[in-house]
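A quick write-up on the structure given underneath.
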Amino acid sequence: MIGATVQSALADRIVEAIQTVVGPGPVALHEPRFAGNEWMYLKECLDSTYVSSVGKFVNRFEAELAAYMGAKYAVAVVNGTAALHVALRLAGVQPGDEVLIPALTFVATANAVSYCGAVPHFVDSEQSTLGVNPRALREYLRIITEVRDQQCVNRATGRVIRALVPMHAFGHPVDIEGVLAVAADFRLALVEDAAESLGSTVRGRHTGTFGLMGTLSFNGNKTITTGGGGAIISNDFELARRAKHLTTTAKVNHRWEFWHDEIGYNYRMPNINAALGCAQLEQLPDLLRAKRRLFERYAAEFARISKVHLMAEPKESRSNYWLQTLLLDDSVAEQRDLILAATNEAGLMTRPAWTLMHRLAPYRTSPRMELPCVESLERRLINLPSSAQLAMEKAG
Ligand SMILES: *Cc1c(COP(=O)(O)O)cnc(C)c1O
């Protein structure tokens, strides 16, 4: 109600700018697009009766995904959270360890750490990438840790900090070279949460291929979807083999015997979801072109409005522009809720940043560094309608 009655010239201008780009609305934040071989592959999958954990589509999806990313191996799983869970276990994360993750992320990153019995340790981001700030992190680790027997120990808690999980927020690559250097210097395993950044690259190399492992999500709101789905990416044969084994109930291959050599997970992506994925992957280049076009159209409009700034891809990298992101200047940050109200009332779906992890009930007592950048971003960030079809070139 307040949003409807209080005037904000800035909110009105933002509504106009979005409408100029996407039309009058209603417009969702992000919708999937099924314009290719989805129906054909799904029918083929149903006709084959192989709808579950075995079938040609799931193997094909893995091979085509790995080839697209320039990675050696992809292991398809039920969702991105499961991918992170297993990647962290394979990175050596044990109960009682700590794992460094950004405070500005989707809750899945923190939950996957918890599933390992480990404790998430929250780190700050930088505005230019919206991801982990390697300089601030290095300074912080220099003060609070010591490297003992090739392990990074948090001197305050006595726990081993085992891994670092940068996340490429809204598709924008982090400063991956800076982050890799911190991981190497402090003996941290690097797992990239690339759930949001399929198709994003740094100097031509795909996000998700820099660390020991990378993880993807194919949830319905991501750049391409399998309904629910995820993948673990690696260039290491042994890690990929272990990932496949652990995500398929640790069953030893045999034509009829049920022999499981450890406690595995039922995390394999079903063939029917992979059928959808094969069709979606074929359209990924078109989707990425449209999303880039949408960014350019928004950029042209928002360039004419002062005190707001549309997030562009960081230097040396290409973003998949999964979610378009508007940053308000500090001087107008208090208008964020008015802008959210005005846009949503106009049928233009926008939303604020995720609640920072250290404010969520299960993570209030987790260790963290000072978080000035993400606390500022949280007050100023607005995601805009970002579906590829908003800028798809019309056929003919
Ligand atoms: C979407 C997402 C995931 C994984 O989500 P699932 O719904 O489990 O596929 C993980 N991390 C981030 C940052 C995400 O945005």
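The values are calculated or read from the model by the stated rules, or taken from the named source; none is laboratory data. Nothing here was measured: the structure is a model prediction, and the numbers come from that model. So basically every Cβ, Gly included, is an ideal-geometry build from the backbone, and we count neighbours across all protein chains shown. These area figures cover heavy atoms from the full protein model, side chains too; ligands, DNA and RNA do not enter into them. Shrake-Rupley method; radii C 1.70, N 1.55, O 1.52, S 1.80 Å.
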Förster radius 22 Å - calculated FRET efficiency between Ala63 and Asp286, Cβ distance, rounded to 0.05: 0.60
Long-range amide H contacts for Ser125: which residues qualify at under 5 Å (H placed 1.01 Å from N, peptide plane, sequence gap of 5 or more or a different chain)? Asn133, Cys373, Val374
Contour excess over end-to-end distance, with Cα ends at Ser331 and Trp39 and 0.36 nm allotted per residue: 100.1 nm
Only bridges whose two residues both fall in the stretch 38-281 count here: according to DSSP, what percent of them are antiparallel, nearest 5? 60
Give the average over all directions of the projected area of the C-alpha convex hull of the stretch 163-250, one decimal, in nm². 6.2
What is the extension gain from Ser52 to Asn221, computed as 0.36 nm multiplied by their sequence separation minus the C-alpha to C-alpha distance, in nm to one decimal? 58.6 nm
Do any GluC sites (Glu not before Pro) in the stretch 268-373 lie in a loop, going by DSSP, with at most 11 other beta-carbon atoms within 10 Å of their beta carbon, and if so which? Glu370
Roughly what would the spin-label model give for Glu262 and Arg148, points 7 Å off Cα along C-beta, in nm? 2.6
Kindly report the accessible area of the stretch 38-281 per residue (heavy atoms of protein chains, probe 1.4 Å, no ligands, DNA or RNA), in Å². 39
Counting pairs of alpha carbon atoms under 8 Å apart in space and at least six apart in sequence, what relative contact order in percent does the chain give? 25
Quick check on the stretch 84-162: of the DSSP beta bridges with both residues there, what percent are antiparallel, nearest 5%? 55
Are there chymotrypsin sites (Phe, Trp or Tyr not before Pro) in the stretch 237-282 that DSSP marks as loop and that have at most 14 other Cβ atoms within 10 Å, and which are they? Trp256, Phe258, Trp259
Across the chain, how many lysine pairs, 8 or more positions apart or on different chains, have C-alpha atoms separated by under 28 Å? Please give the number. 21
Return the single residue from Thr207, Thr365, Thr355 with maximal mean-square fluctuation; model: Gaussian network over the chain, springs between Cα atoms under 10 Å. Thr365
Report the convex hull volume per residue for the chain, counting only C-alpha atoms, in Å³. 150
Amide H neighbours of Met213 under 5 Å, at least 5 residues apart or on other chains, H built in the peptide plane: list them. Glu192
The chain, Gaussian network, Cα under 10 Å: of Gly229, Gly158, Gly199, the residue fluctuating most is Gly158
Show me, for the stretch 375-387, the HN-Hα J-couplings you get by feeding each phi into the Karplus relation (A = 6.51, B = -1.76, C = 1.60, θ = phi - 60°), rounded to Hz, glycine and proline as x. 5, 6, 4, 4, 7, 10, 9, 9, 8, 9, x, 9, 4
From the backbone phi of the stretch 356-369, what are the Karplus-calculated ³J(HN,Hα) couplings (6.51 cos²θ - 1.76 cosθ + 1.60, θ = phi - 60°) in whole Hz, Gly and Pro given as x? 4, 4, 6, 9, 7, 3, x, 10, 5, 9, 5, x, 7, 8
Just to confirm the filter: which trypsin sites (Lys or Arg not before Pro) across the stretch 206-288 are DSSP coil and have at most 14 other Cβ within 10 angstrom of their Cβ? Arg255
Running a GNM on the chain with Cα contacts under 10 Å, which residue among Gln94, Gln150, Gln324 ends up with the highest mean-square fluctuation? Gln150
Toward the positive end of the charge dipole of the stretch 38-281, about the Cα centre and with charges on Cβ (Lys, Arg +1; Asp, Glu -1), which of Leu198, Ile272, Gly80 goes farthest? Ile272
Gain upon complete extension [Arg135, Ala184; 0.36 nm per residue less C-alpha separation]: 16.3 nm
Identify, among Ala341, Leu327, Ile14, the residue whose Cα sits farthest towards the positive end of the charge dipole of the chain, taking +1 on the Cβ of Lys and Arg and -1 on the Cβ of Asp and Glu, with the dipole about the Cα centre. Leu327
Per 10 Å bin, what percent of the C-alpha pairs of the stretch 250-290 does each bin hold, from zero upward? 23, 28, 25, 17, 8
Debye intensity ratio I(q)/I(0), log10, the stretch 325-396, q values 0.22 Å⁻¹ (C-alpha model): -1.00
Surface share of carbon and sulfur [accessible, 1.4 angstrom probe, percent] for the stretch 144-298: 51
Which whole-Hz couplings ³J(HN,Hα) result when phi for each residue of the stretch 204-218 is put into the Karplus expression 6.51 cos²θ - 1.76 cosθ + 1.60, θ = phi - 60°, listed in order with x for Gly and Pro? x, 9, 6, 4, x, 10, 8, x, 4, 8, x, 10, 10, 10, 10
With label points built 7 Å along Cα→Cβ from the Cα atoms of Arg304 and Glu177, find their separation and express it in nm. 3.8
Of every Cα-Cα pair in the stretch 11-140, the percentage lying beyond 24 Å is 58
With no solvent and one equal point scatterer placed on each C-alpha of the stretch 143-185, evaluate the Debye formula and give log10 I(q)/I(0) for q = 0.25, 0.29, 0.34, 0.35 Å⁻¹, two decimals. -0.89, -1.02, -1.18, -1.21
Nothing charged except the Cβ atoms of Lys and Arg (+1) and of Asp and Glu (-1): what's the magnitude of the dipole of the chain about its Cα centre? Round to the nearest 20 debye. 380
